[in-house]
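Everything on this sheet refers to the single structure shown next.
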Amino acid sequence: MDLINRIKNTIIRENLIQENDKILVGLSGGADSVFLFNVLYEIKEELGFDIITCHINHSYRDTAVRDEEFSREISEEKNIKFFSKKVDMKQYSIENSISLEDSGRILRYKYFNDILKSENYNKIAVAHHKDDQVETFFLHLFRGSGIDGLCGMQYKNKNIIRPLLDISKSDIFKYLEENNIKFVTDETNLIADVQRNKIRLEMLPYIEENFNNSINESICRTINILKDSKEIIDDVTNLEYRKLIKKSNEGYTIDVDLFCKEKISVQRNIIRKLLIELNGSNKDIRMVYIDDIIDLFRLKNGSKYVFKDYSFFKSYDKVIIRKNSNNKEINSIKFELGEIEFANFRINSYLSTNVNIKPSRNKMVFDSDILSRNLILRKRKNGDRIKLKGFTKKIKDIFIDNKVSKIERDNYPILTDEENVYAILSLKRSNFYMKNSNSKEVLIIEVTYEK
């Protein structure tokens, strides 16, 4: 089977391109991207899709302008619309304290997606090939990645497609030479000064010479085996994730007992999936973070772990996950008849002459004379106490008795004035201003907790 048909088979097998797709081709001018551009140009009529090209001038090498002009020329020769942009990759990496490689990738894909939006295109084709896949495998292996990292790059990741992952670098060079297709050379690929290049130029040739002259094929077979295993792991993880992770507007909760009954491998995959959801990607998710969170399930009540913008709290029989807030929240509000929103509570209060209404936690009843007080709703304070029948009790102890987690305690509205606490709404009321036989009118406060 010739090279073009192999790539077409990959595209069809992996469902990379559909009819009427509009595809932006990342074109650096190097051998890989020039090969991808020529292949997609050759098969676009047969498969029924359109292409444009886009080049990023990273302002990093003296030959950057040459590469940009070369990419423009080969696009215009085929009457393909060409886009380019100059960015300062080095300065961006300094400003954001990231590597040059990360800087280039972020700037590149940002511009690619800007073009997709402005031109109403829907996919980005990039020229990663089999050799890149092998290098990525070893990079992730040396970093101690889990199975996701060792599975390498995907044929399709959101709007990015990689049609060349089954094609070797030697196949690409052979095709370009046989068809007399020109390309430019990126000198930085010949300098063994970064990890990927050291793997490409030093480690892999050494392995081929001394251990396995088909190392790339062996690694790719290993990757495919890992991908098959990962599918099974993902199925189990997704099933248990839906069973254990409860999501609400506030955040997430996990039942401690159910979670601890799972095997450690399942626990790790569940927490990893949750961290990816919180983080938006699997970037910077390390095994040590996952194990620290799992340890939290066995620590004492009130223990806490912080992951980026989120906090994990051990609260009795649950672990609660909430996003950290940088906003200064309202700590108190004047109590008035009608509807009030406070934290996660919706409070509806009104007067009634039906003094026989049965009270409950979520429907508290007071003598209407309480409205003569300057009532406010506020968050709890250290030392707060509430008067009950025959004694007073710390509000903190009431929360503990009712197993209210520390992070939820600040949400509960405290009905008070300058002197007394009249109620912890939806939880406990004092004996002040209780309805009695002389009450002609009562204040009813109904509380709804909104998750």
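The values are calculated or read from the model by the stated rules, or taken from the named source; none is laboratory data. Just so it is clear, the model here is predicted, and its values are computed rather than measured. Ideal geometry is used to build each Cβ from the backbone, glycine not excepted, and the neighbour counts take in all protein chains shown. All accessible areas refer to the heavy atoms of the entire protein, side chains included, with ligands and DNA or RNA removed. Shrake-Rupley method; radii C 1.70, N 1.55, O 1.52, S 1.80 Å.
Data table
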{"item": "Subset of region 368-395 that is within 42 Å of the chain's Cα centre (by Cα) and part of a loop (DSSP other than H, G, I, E, B) - its residue that is nearest to residue 413 (Cα to Cα)", "result": "379"}
{"item": "Test for residue 365: is it part of a loop (DSSP other than H, G, I, E, B) and open to solvent by less than 20 Å² (accessible area, probe 1.4 Å)", "result": "no"}
{"item": "Residues of region 406-451 satisfying the condition of being within 42 Å of the chain's Cα centre (by Cα), closer than 26 Å to residue 353 by Cβ and in a loop (DSSP other than H, G, I, E, B)", "result": "413, 425, 426"}
{"item": "Selected residue (criterion: nearest to residue 118 (Cα to Cα)) from residues of region 56-65 that are in contact with a Ser or Thr (Cβ under 9 Å, 6 or more places away or on another chain) and open to solvent by 10 Å² or more (accessible area, probe 1.4 Å)", "result": "56"}
{"item": "Residue pairs meeting the criteria (Cβ under 6 Å; at least 6 apart or on separate chains; first farther than 16 Å from residue 324 by Cα, in region 244-264; second surrounded by fewer than 17 Cβ atoms within 10 Å (Cβ to Cβ) and among the aliphatic types (A, V, I, L, M))", "result": "244/258"}
{"item": "Qualifying residues in region 34-52 (those that are assigned to a helix (DSSP H, G or I) and open to solvent by 10 Å² or more (accessible area, probe 1.4 Å)) - the one nearest to residue 172 (Cα to Cα)", "result": "38"}
{"item": "Number of the exception - residue 308 against (1) within 28 Å of residue 416 (Cβ to Cβ); (2) free of Cβ contacts under 8 Å to residues at least 60 places away in the same chain; (3) of a type in the set (Lys, Arg); (4) out of contact with any helix residue (DSSP H, G or I) (no Cβ under 6 Å at 6 or more places or on another chain)", "result": "(1)"}
{"item": "Residues (of a type outside the set (A, V, I, L, M) and either touching a Phe, Trp or Tyr at 6+ places or on another chain (Cβ under 7 Å) or open to solvent by less than 10 Å² (accessible area, probe 1.4 Å) (or both)) located in region 1-18", "result": "10, 14"}
{"item": "Restricting region 209-222 to residues that are in a helix (DSSP H, G or I) and open to solvent by less than 80 Å² (accessible area, probe 1.4 Å), the residue that is nearest to residue 155 (Cα to Cα)", "result": "220"}
{"item": "Selection status of residue 72, in contact with a strand residue (DSSP E or B) (Cβ under 6 Å, 6 or more places away or on another chain) and without any contact (Cβ under 8 Å) to a residue 24 or more places away in the chain", "result": "yes"}
{"item": "Selection status of residue 306, at pLDDT below 90, of a type in the set (A, V, I, L, M) and touching a strand residue (DSSP E or B) at 6+ places or on another chain (Cβ under 9 Å)", "result": "yes"}
{"item": "Single residue of region 80-137 satisfying the filter (open to solvent by 70 Å² or more (accessible area, probe 1.4 Å) and not in a helix (DSSP H, G or I)) that is farthest from residue 216 (Cα to Cα)", "result": "120"}
{"item": "Test: residue 74 is crowded, with 18+ Cβ neighbours inside 10 Å, under 27 Å from residue 224 (Cβ atoms) and not acidic (Asp, Glu)", "result": "no"}
{"item": "Residues satisfying the stated conditions in region 296-316, i.e. within 26 Å of residue 401 (Cα to Cα) and open to solvent by 80 Å² or more (accessible area, probe 1.4 Å)", "result": "298, 299, 300, 304"}
{"item": "Residue satisfying condition, being open to solvent by 50 Å² or more (accessible area, probe 1.4 Å) and of a type in the set (Lys, Arg), within set 394, 379", "result": "394"}
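This table checks each residue for (1) among the β-branched types (Val, Ile, Thr); (2) over 29 Å from the mean Cα position of the chain (by Cα); (3) closer than 19 Å to residue 17 by Cβ.
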{"site": "62", "(1), (2), (3)": "no, yes, no"}
{"site": "65", "(1), (2), (3)": "yes, yes, no"}
{"site": "72", "(1), (2), (3)": "no, yes, no"}
{"site": "78", "(1), (2), (3)": "no, yes, yes"}
{"site": "85", "(1), (2), (3)": "no, no, no"}
{"site": "96", "(1), (2), (3)": "no, no, no"}
{"site": "119", "(1), (2), (3)": "no, no, yes"}
{"site": "122", "(1), (2), (3)": "no, no, yes"}
